[in-house]
Amino acid sequence: MRTKTAQCVLDDLDQAVAAVIFGVDGVIVDTTRASAAAWKSVLDPFLRSYAQVHRTAYVPFDVRADYLRYMRRRPQLDGVRDFLASRAITLPYDDLRALAVRHEEFFLGEVRKHGVSPVASTVSLVLKLHRCGASTAAVSEQCCGSELLRRAGVAEMFDVLLDGLDTPGTALPARPDARLFREAAVRLGTSPRRTAVIEASPSGVAAARCGGFGAVIGVDPAGGASRLGEHGADLVIADTSELPLHERRVA
C-alpha cells in the first residue's frame, strides 16, 4: 500500500532521489498527432473492407474522439481490440497484432516525414535535474524509442537511453515491463529505491510500481488522476512543470 503524500514525493525528488527515469511517449515527446494519423491510415481501409464484406455502414476512424478514447497512452493491442469491439468487431490475436505492426510502420513514416516535438516542460526539468546532480534515463519498450528522441533533438540530454532494440527478451511486445526500468537504474548506477520514474501510461506506472522504485509519478494532461493512481502512481500531475526543484542536491 502507498503511504506517501504528494509533498513527500516532491521532497524525495528534490533530496533523496539520485536519478530519474522518464518514459518517452507522452512525457518526453508528444506523439499524439503522428500516432492518431497512423491509426487512421491502418484502420480506415480495414473498416471500409469489413463494411463491404459484411454489408454494414462504413464509419471511419475519428482521429480525435476514437484515438483519445481507445488508443491514447494504452498498449496497442488493448487499444485496437477495444476500438474494434466498439464497432462490434472481434478479431483473433494474430489479426490484431498485424494491425498493430502496420500502425508502427505508418507511425514511423509520419515521424520521419513530419518530425516529432519534445515536451518543453520535461526538457526544462531534465536540465534542472542535471544541475542538481541527478542522472537521467529515457526508457521506452518500443523499438523506435531512441529514434523518437533523436528526431525530437533531445537524445543527448539523457545519461542513458534504453528501448526495445537495446534489450531483446527484456521488454514485453506491447507494454512496459519492470525489468526495463530496473535495467535503466543499473545503467545509471543507482538502486530502484533511490530512483524516480515519470510515466504517462497506466501500464508504465504499474510496471514502475512493480519494480519497487522510490517514487512513481504519473503524467496526465487530461486529468485522469484516479486512473494512474489506481495503477500505482504516488503522485499524478498534468505537466512536469508541476515538479518544483531547488538548484541543490543532498548527497
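Here are the numbers for this structure:
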{"item": "Protection proxy ranking of 201-207, 233-239 - average other beta-carbon atoms within 10 Å, highest first", "result": "201-207, 233-239"}
{"item": "Heavy-atom accessible area order for 183, 110, largest first, 1.4 Å probe", "result": "183, 110"}
{"item": "Note, ³J(HN,Hα) from phi for segment 180-186, Karplus 6.51, -1.76, 1.60, rounded to Hz, x at Gly and Pro", "result": "5, 5, 5, 4, 4, 4, 4"}
{"item": "Antiparallel bridges, percent of DSSP beta bridges restricted to the chain (to nearest 5)", "result": "10 percent"}
{"item": "Accessible carbon and sulfur surface of the chain relative to its total accessible area, %, 1.4 Å", "result": "52 percent"}
{"item": "Diffusion coefficient, µm² s⁻¹, Stokes-Einstein with Kirkwood Rh over alpha-carbon pairs of the chain at 25 °C and 0.890 mPa s", "result": "131 µm²/s"}
{"item": "Residue-normalised accessible area of the chain, given per residue in Å² at a 1.4 Å probe", "result": "47 Å²"}
{"item": "Amide H contacts under 5 Å for residue 20, placed H, 5+ residues apart", "result": "135, 136, 137, 196"}
{"item": "Solvent-accessible surface ranking, highest first, for 71, 157 at 1.4 angstrom", "result": "157, 71"}
{"item": "Counted charge near residue 152, where neighbours are those whose Cβ lies closer than 12 Å (Asp, Glu -1; Lys, Arg +1)", "result": "-2"}
{"item": "Candidates 231, 103, 54, ranked by Gaussian network fluctuation over the chain, Cα under 10 Å, top entry", "result": "54"}
{"item": "Amide H contacts of residue 31 (H built 1.01 Å from N, under 5 Å, at least 5 apart or other chain)", "result": "26"}
{"item": "Accessible-area ranking of 182, 72, 55, largest first, probe 1.4 Å", "result": "55, 182, 72"}
{"item": "Taking the chain and dividing mean pair separation by its residue count, relative contact order in percent (alpha carbons under 8 Å, at least six apart)", "result": "27 percent"}
{"item": "Helix-derived mean residue ellipticity, 222 nm - over the chain, DSSP H n ≥ 4, -39500 (n - 2.57), to 500", "result": "-13500 deg cm²/dmol"}
{"item": "Size-normalised alpha-carbon gyration radius of segment 53-152, reference 2.2 N^0.38 Å", "result": "1.41"}
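The values are calculated or read from the model by the stated rules, or taken from the named source; none is laboratory data. The structure presented is a predicted model; accordingly, all values stated were derived computationally and were not measured. Don't worry about glycine lacking a Cβ; one is built from the backbone with ideal geometry, like all the others, and counts go over all protein chains shown. Side chains are part of the model used for accessible areas, which takes the heavy atoms of the whole protein and leaves out ligands, DNA and RNA. Shrake-Rupley method; radii C 1.70, N 1.55, O 1.52, S 1.80 Å.
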